[in-house]
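J.: Attaching a single structure in C-alpha cells format; questions to follow.
Rule-based calculations on the coordinates, nothing more; no lab input. Quick caveat, the model's predicted, so the values are computed rather than measured. With ideal geometry, Cβ positions are generated from the backbone for all residues, glycine too; neighbour counts draw on all protein chains shown.
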Amino acid sequence: MHFLRQRHGPHIPSSEITPRAAYDSRRDWLKSAGALGLAGLGAGLGLEAAAQTAGPGKLAKLPGVRSNVAGAMAMDKLTRYEDVTSYNNYYEFGTDKSDPAQNAHTLKTRPWTVAIEGECAKPGRFGIEDLLKLAPMEERIYRLRCVEGWSMVIPWEGYSLAELLKKAEPTSKAKYVEFTTLADKAQMPGVRSGVLDWPYIEGLRIDEAMHPLTLMAFGLYGEVLPNQNGAPLRLVVPWKYGFKSAKSIVKIRFTEQQPVSSWTKAAQQEYGFFSNVNPKVDHPRWSQATERRIGEDGFFAKKRPTLMFNGYESQVGQLYAGMDLKKFY
Ligand SMILES: Nc1nc2c(c(=O)[nH]1)N[C@H]1C(S)=C(S)[C@@H](COP(=O)(O)O)O[C@H]1N2
Ligand SMILES: [Mo]
C-alpha cells in the first residue's frame, strides 16, 4: 500500500477529508436510516460504528437493515472506504491493485440481467431492478481475506444468495452452483489480455451456496457497489479466499458436476475448488498462517494470525465435517 501510494501520488486519509462533507453524509445516512426505522442498527453497533458505515455520498444510497444472520456482524474495525475502493483485485480491469479503481469507470451496469439456468424447475432472467427488490437489503460486516495474504473488513449491503436461488427451485440434481461474470472486451481492458481464461468462473457446492452467510451483495458502506468492487452485484463468501467472491455476475447455473473455476484452470495445484480460508494449509508458494489487514499495514506492522474459516468456523465448520481439508483445499 505504501508503495502504491508513493507511485500514484498523495493519498488523502479519511481523517483529513473535509470534516463538513463527512459530517453531512453521515448525518444524512443516519436520517435515512431513521426514516426507514433502522434505529436498531445504531443500537446494535453503537451509534459511532453505525455512522461509520455511511459511504462518502458519491454513489446512490443503498442502506441495509442490521442482519440477524449469525456471524454477519464482525466486530472488527472497518477498513476505510478509500482503501476498500482503491486496493482491488478485478483482473478484467488490470492486475495491479490500483487498476480497477482507475479503469472500471467504463463498466456499464445498466441495463443488467442475470440468467439463472441448469438444474432447476424455474430458470429465467432477472433484471437488476427486480433483484434489488427481491429480499430486504441487510447490512453485514464481513472479513474478506485474499489468498495473497491481506484482508479487509467491509460493511456490505445485500441478502443471502439462498433468497434468489430458491426462487429458481433447484432440482435434486443441483449439486453445485456455477457463477459466470461479465467478460466484455469493449468495457474491460483486462479481457483483451490472457492472464485468465475469460469469462471469470467460480463455483460453490449447493449447501455452501445456500448457507445464510453467503451474500449476494449490491452495495457497501450504505451505497451501491463501486464498479471496481463488482457492480452491480457480486458474491461475498466470507469463509473462503477472496477469489471465490465473483464480481459483476451475469449467469448462475445449477449443475450436477463440480464447476471448474478460472483460478483452478489457471493453476490447479494452487487453487482448489473449496478454497476455504485455512491457516494450516499453505499455498504451495507461501504460508497462509498470517495476514495483513489493509489500513494497518505499515511495513513493520505486526501481521495477524489467520483464523480457521476466516473466523466463521462456528457457522460453517459443519459443512466440511469429516473432510480432509488438505486434500480438498
Ligand atoms: N470477476 C472477477 N471477480 C473477482 C476477481 C476478479 O479478478 N474478477 N477477483 C477476486 C479476488 S482475488 C478478490 S480478493 C476479491 C476482491 O474484492 P474487492 O476488490 O471488493 O475487495 O474479488 C474477487 N472477485
Ligand atoms: Mo484475492
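J.: What are the ³J(HN,Hα) values, in whole Hz, obtained from phi via the Karplus relation 6.51 cos²θ - 1.76 cosθ + 1.60 with θ = phi - 60°, for each residue of the stretch 159-176 in sequence order, with x given for Gly and Pro?
T.: After applying 6.51 cos²θ - 1.76 cosθ + 1.60, I find 9, 4, 3, 3, 4, 6, 4, 5, 4, 7, 6, x, 7, 5, 7, 6, 8, 9 Hz.
J.: Counting other beta carbons within 10 Å of each residue's own, what order do Phe218, Phe126 fall into, fewest first? Intermediate values should be presented prior to the final figure.
T.: Values: Phe218 23, Phe126 18.
Listed from fewest to most nearby Cβ atoms, that is Phe126, Phe218.
J.: Just order 163-175, 314-326 by mean Cβ neighbour count inside 10 Å, highest at the front, would you?
T.: Working: 163-175: 15.7, 314-326: 12.5.
Most protected by this proxy first, the peptides run 163-175, 314-326.
J.: A further question on this structure: Quick one, what does Rg over Rh come out to for the stretch 146-274 if you take C-alpha atoms and the Kirkwood Rh? Walk me through the intermediate numbers first.
T.: Working: Rg = 14.4 Å, Rh = 15.2 Å.
Here the Rg-to-Rh quotient is 0.95.
J.: Around Met73, which amide H atoms from residues at least 5 apart in sequence, or from another chain, sit under 5 Å from its own amide H, with H modelled in the peptide plane?
T.: Under 5 Å from the amide H of Met73 lie the amide H atoms of Ile141, each far enough along the sequence or on another chain.
J.: Hey, which lysines would be in cross-link range of Lys302, C-alpha to C-alpha under 22 Å, not counting anything within fewer than 8 residues on its own chain?
T.: Output for Lys302: Lys77, Lys97, Lys280.
J.: Now for a different question. Which ³J(HN,Hα) values, rounded to whole Hz and listed in residue order, are derived for the stretch 182-192 from phi using the Karplus coefficients 6.51, -1.76 and 1.60 in 6.51 cos²θ - 1.76 cosθ + 1.60 with θ = phi - 60°, glycine and proline given as x?
T.: With coefficients 6.51, -1.76 and 1.60, one gets 4, 9, 10, 4, 5, 9, 10, x, x, 6, 6 Hz.
J.: Explain nothing, just compute: Karplus ³J(HN,Hα) = 6.51 cos²θ - 1.76 cosθ + 1.60, θ = phi - 60°, for every residue of the stretch 88-105 in order, whole Hz, x for Gly and Pro.
T.: With coefficients 6.51, -1.76 and 1.60, one gets 10, 10, 7, 4, 4, 10, x, 9, 7, 4, 8, 4, x, 4, 7, 9, 6, 5 Hz.
J.: Shifting gears a bit: For His105 and Glu163, compute 0.36 nm times the residue count separating them, minus their Cα-Cα distance, and round to one decimal in nm. Don't skip to the end; give the middle numbers.
T.: Numbers: separation 58, 0.36 × 58 = 20.88 nm, distance 2.97 nm.
17.9 nm is the gain from fully extending His105 to Glu163.
J.: Only sites in a loop by DSSP and with at most 10 other Cβ atoms within 10 Å count here; which GluC sites (Glu not before Pro) in the stretch 188-297 make the cut? Walk me through the intermediate numbers first.
T.: Details: sites: Glu202, Glu208, Glu223, Glu256, Glu270, Glu291, Glu296; in loops: Glu256, Glu270, Glu296.
Sparse-neighbourhood loop GluC sites (Glu not before Pro): none present.
J.: Report, ordered by chain and residue number, the aspartates and glutamates lying within cross-link reach of Lys303, taken as a straight Cα distance under 12 Å and ignoring same-chain residues fewer than 8 apart.
T.: Lys303 reaches Glu291.
J.: Also: Tell me which lysines have Cα within less than 19 Å of Lys108's Cα, excluding those fewer than 8 residues away on the same chain?
T.: Lys58, Lys61, Lys185, Lys247, Lys251
J.: Just list whichever of Lys244/Lys265; Lys244/Lys326; Lys166/Lys265 have alpha carbons separated by over 20 Å in the model shown. Please list the in-between numbers first.
T.: Numbers: Lys244/Lys265 14 Å; Lys244/Lys326 18 Å; Lys166/Lys265 29 Å.
With Cα atoms farther than 20 Å apart: Lys166/Lys265.
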